[in-house]
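Visitor: I'd like to ask you about the structure that follows.
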Amino acid sequence: MPQVIAVPIAGLLFSLGAPLAIVNTVAGVGIAGSIFGAAVSIGLAFGASFLANALFSQEVPASASNPTDVQQSLRASAADRQVFYGQYQASGNWVFAETKQGSFHKLLAICQGPLVQLLSVKIDDNTVTRNGSGIVTSSPYNSKARVELRYGDGTETYYTNLASAFSEWTSSHKGLGVVSLYATQFPVGQSSYYDTFPNGINTLYRIEGKFTKVTNISTGVTEWSDNAAGVIKHFMESENGMRIPSEVLDTTLASAAWLTAWNRCDDDIDLKAGGTEKRYRLWGAYKLSETPGSVLDAMLKNCDARPILTRDGGMSIAIGEYYEPTVLLDNTVITGFSKLRRGNNVADVANKLTGKWLSKDQDYQLTDIDAWIDATSVAARGEIPEDYPLVWTPSHSQARRLLKIQYYRLNPLWSITVTCRLKAMEAFQEQFVAVDYTVGNTRIQGAFETDNFEFNIGDNGILKSVTLTLRAMSAVAYTWDEDQEEGDAPVVDEAVVDNTIPAVAGFDVTVDNRVVGGVTVPYPVLDFDDPGDALVTELRGKKTADTNWTSITVPDGATSVDGFIMDDGVEYEFQARYITLTGRQGAWTSSITVTATADETPPGDPTSVSAVDSVGSANLGWTTPNSANFSRVHIYRNTTDNFSTATEIGSSPFYGSPSTAYTHTDGSLSAGSYYYYFTAANFSGVESDPPVESGSVTVT
């Protein structure tokens, strides 16, 4: 493992944002120099901790990044800039918002660039398609929205459509290096506005993509990667991150250590469902207002990494990996101990580890990890829970592997703090050391992980001894059986918000009659199911031959209403739909057609029916029935004796008076046999049944 020694620490600390007093104290001084006079005990943590802060015992706040935060679109006078790594989904802060000529224009600053690959664009919860001009072509927007993007690669051009609409937006407004989104909501009719944009000007625009190019440590190529070591190195040297000079990170030994870390992260890990994934990846976001140390701390925690210094003055990280210790701490090296425990501090013990990971399948939200549980311990002692959030971890398998390692750290066989002679300097930056130490009749022996390494300085500034905080660590912590240990990721509970307004249920129309002024008139009766409290039923009707509809009032709570008076014998059509309480309108149902019938009693049959042949015609005769409700006679013709396929002759129907004889010549006929059928109808069009037949007539 890499060992120490000198590092240009003052410049490093200054770039990390250490207090000026500390920078001045160590300016121009190496590890072996008078830096050690700055404090009696200087801690060096080997967990997922911020190296410089740990060296000088500074408090590191927890990272404030949260995937939910970056998926919201906020209006703020001064908003944080954001940086994304890996694959992510996000919205942005409002930069410009204005309405003009019925269109709403909104510009969002999403993050520092670049966006390397766009995967999808979402409006509210809808993944949309766009044409080459950014016009949204998918439902429910259908050319009523436009979404344009800038990828933040430093070659941005201004949004010409925005500048055309607003003179205050000029060609100078480029937003160089910023990933941005310009959305336009075009005018939509009031009746369908909330169908298209239910959230109005607060419609949420998000992009899903791969963000930030990092250096592939293996090949030297700058490209997108979510390899944890590559992401951390980029953050440490980035001007938006820790700003550590490249000469510190790229020394010969540091470069070799970075390559080791890259390859460790790039290992293929078998998955229970089949296939593999890389050992450690990072997907996440941070705000530029966050303490760089807290961001680094979160990154290290999500890949079991620790920072290291190299003998040539470099800095790198080491990814956790069990190895047989080469440094032995025994009774010849250890001069004393404190805090010897069998197991860990009771406050740090846990037998049920829980946490959350970043799930792409859960819309890039933090999702519960299948808890790591020591069933034997739970049965004996009850649950002792510990939450271990892994907000930069994009895989349930990775999260479970990290929980397992953390479980063994929280439940060691032994934990001990020992003071040692300077020979123990060999253990500086070693993750694991061997311990063989006898206290009284108790022998403590095995592999231990270094949790903290302290230099003890005398009043004269001379290094007297070192103190190590150790915990027993089993090699089993770093073994992995995907079938037994991967657990089960939560089932995707994709919360698809269904904004569809349902069709009116139970819709039906029948015709009823009432007497008005001694005259029987027809009217429609419209029935429908109760829509509940969230919807209102709307009805309309018209003559089938007309174009304009007539609205039908629906009283509150009604499920059946009477419509308007209809003209007797005329066909009408009716439709229904639901409207939400906010005014969103559902689709009209298909038309139900009915024919108005005031009198459902047919008149008597026609009598004295006759059909006499002639040249090219047939002479027809009949007498109307003696019925008060008689209105007309219908005559049908066929070339076979079958009424069901007969058609009404061109001059039919024949209106007349009751008990009256009539004749008609049915001309322009081809030679052949014909059959005629006569019915009488009332004023509502109800015909007598069955028809009266004329018998066969032969036309010459």
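Visitor: May I ask you to order 310-323, 120-133 by the average number of other C-beta atoms within 10 Å around their residues, highest value first?
Guide: Descending mean neighbour count gives 310-323, 120-133.
Visitor: Using the Cβ atoms and a cut-off under 11 Å, what net charge is assigned to the surroundings of Asn227, where Lys and Arg are +1 and Asp and Glu are -1?
Guide: Residues close to Asn227 contribute a combined charge of +1.
Visitor: I've got another one for you. Could you give the spread of the C-alpha atoms of segment 163-225 along their three principal axes, from largest to smallest, in whole angstroms?
Guide: Taking the Cα atoms of segment 163-225, the three principal extents are 59, 30, 13 Å.
Visitor: Enter the mean projected area of the convex hull around the alpha-carbon atoms of the chain, in nm², rounded to one decimal.
Guide: Hull-based average projected area comes out at 49.8 nm².
Visitor: I'd like the orientation of helix 292-301 relative to the chain: the angle between its Cα long axis and the longest Cα principal axis, in ° from 0 to 90, rounded to 10.
Guide: Helix 292-301 and the main axis of the chain meet at about 80 degrees.
Visitor: Where does the charge balance sit around Phe186 when Lys and Arg score +1, Asp and Glu -1, over other residues with C-beta under 10 Å from its C-beta?
Guide: +2
Visitor: Moving on. Treat each spin label as a single point 7 Å out from the Cα along the C-beta direction, and report the Trp588 to Asp330 distance in nm.
Guide: Using points 7 Å along Cα→Cβ, the separation is 9.6 nm.
Visitor: Compute the acute angle (0 to 90°) between the alpha-carbon long axis of helix 252-265 and the principal axis of greatest extent of the alpha-carbon atoms of the chain; round to the nearest 10°.
Guide: It works out to around 40 degrees.
Visitor: Treating the angle as unsigned and between 0 and 90°, give the value, to the nearest 10°, between the Cα long axis of helix 228-237 and the longest Cα principal axis of the chain.
Guide: With both axes taken from Cα atoms, the answer is about 70 degrees.
Visitor: Straight-line reach from Lys287: which lysines have a Cα under 19 Å away, not including same-chain ones fewer than 8 places off?
Guide: The reachable lysines, counting only those whose Cα sits under 19 Å from Lys287, are Lys210, Lys213, Lys233, Lys301.
Visitor: Could you tell me the center-to-center distance, by alpha carbons, between segment 494-559 and segment 460-486 in angstrom?
Guide: Each part's Cα centre sits 75 Å from the other's.
Visitor: Ok, one more. How far apart, in nanometres, would the label points at Ala503 and Lys423 be if each is projected 7 angstrom from Cα along the Cα-to-Cβ direction?
Guide: The answer from the label model is 8.8 nm.
Visitor: Let me ask something else. Around Val439, what is the net charge, scoring Lys/Arg as +1 and Asp/Glu as -1 over all other residues with Cβ under 13 Å from its Cβ?
Guide: Working: positive: Lys339, Arg341, Arg342, Arg443; negative: Asp330, Asp436.
So the environment of Val439 carries a net charge of +2.
Visitor: Give the accessible surface of segment 359-495 per residue, rounded to a whole number of Å², with probe radius 1.4 Å and ligands, DNA and RNA excluded.
Guide: 44 Å²
Visitor: So what's the back-of-envelope 222 nm ellipticity for the chain, counting only DSSP H runs of four-plus at -39500 (n - 2.57) apiece and dividing by all residues, rounded to 500?
Guide: -3500 deg cm²/dmol
Visitor: Also, I was wondering about something else. Quick check: Cα centre of segment 399-437 to Cα centre of segment 350-390, how many Å?
Guide: Result: 24 Å between the Cα centres.
Visitor: Taking the solvent-accessible surface of protein heavy atoms with a 1.4 Å probe, what is the per residue accessible area of segment 69-173 in Å²?
Guide: Counting only protein heavy atoms, the per-residue value for segment 69-173 is 46 Å².
Visitor: Now a separate question. Can you tell me the relative contact order of segment 576-700? Whole percent, Cα pairs under 8 Å, sequence separation 6 or more.
Guide: 31 percent
Visitor: Summarise the accessible area of the chain (1.4 Å probe, protein heavy atoms) by the percent that is carbon and sulfur.
Guide: Answer for the chain: carbon and sulfur cover 48 percent of the accessible area.
Visitor: Excluding same-chain residues fewer than 8 positions from Lys272, which aspartates and glutamates have a Cα within less than 18 Å of its Cα?
Guide: Cα-Cα hits under 18 Å: Asp361, Asp370, Asp481, Glu482, Asp483, Glu485, Glu486, Asp488.
Visitor: Could you please state, rounded to a whole Å, how far the C-alpha centre of segment 110-164 is from the C-alpha centre of segment 660-684?
Guide: 71 Å
Visitor: Let me know the Rg and Dmax you get for segment 565-675 when you use only its Cα atoms, in Å.
Guide: In Å, with Rg to one decimal and Dmax whole: 21.3, 72.
Visitor: Given a cut-off of under 8 Å on Cα pairs at least six residues apart, what relative contact order in percent is computed for segment 391-529?
Guide: 21 percent
Visitor: What relative contact order, as a whole-number percentage, does segment 87-200 give when Cα pairs under 8 Å and 6 or more residues apart are counted?
Guide: So the answer I get is 29 percent.
Visitor: Going Cα to Cα from Lys174, which lysines come in below 17 Å? Please leave out same-chain ones fewer than 8 positions away.
Guide: Reachable lysines: Lys106.
Visitor: Taking the alpha-carbon set of segment 234-283, what are its Rg and Dmax in Å?
Guide: Rg, Dmax (Cα atoms, Å): 14.6, 43.
The values are calculated or read from the model by the stated rules, or taken from the named source; none is laboratory data. Because the structure is a prediction, the values reported are computed rather than measured. Glycine gets a Cβ as well: all are built from the backbone with ideal geometry, and neighbour counts include every protein chain shown. All accessible areas refer to the heavy atoms of the entire protein, side chains included, with ligands and DNA or RNA removed. Shrake-Rupley method; radii C 1.70, N 1.55, O 1.52, S 1.80 Å.
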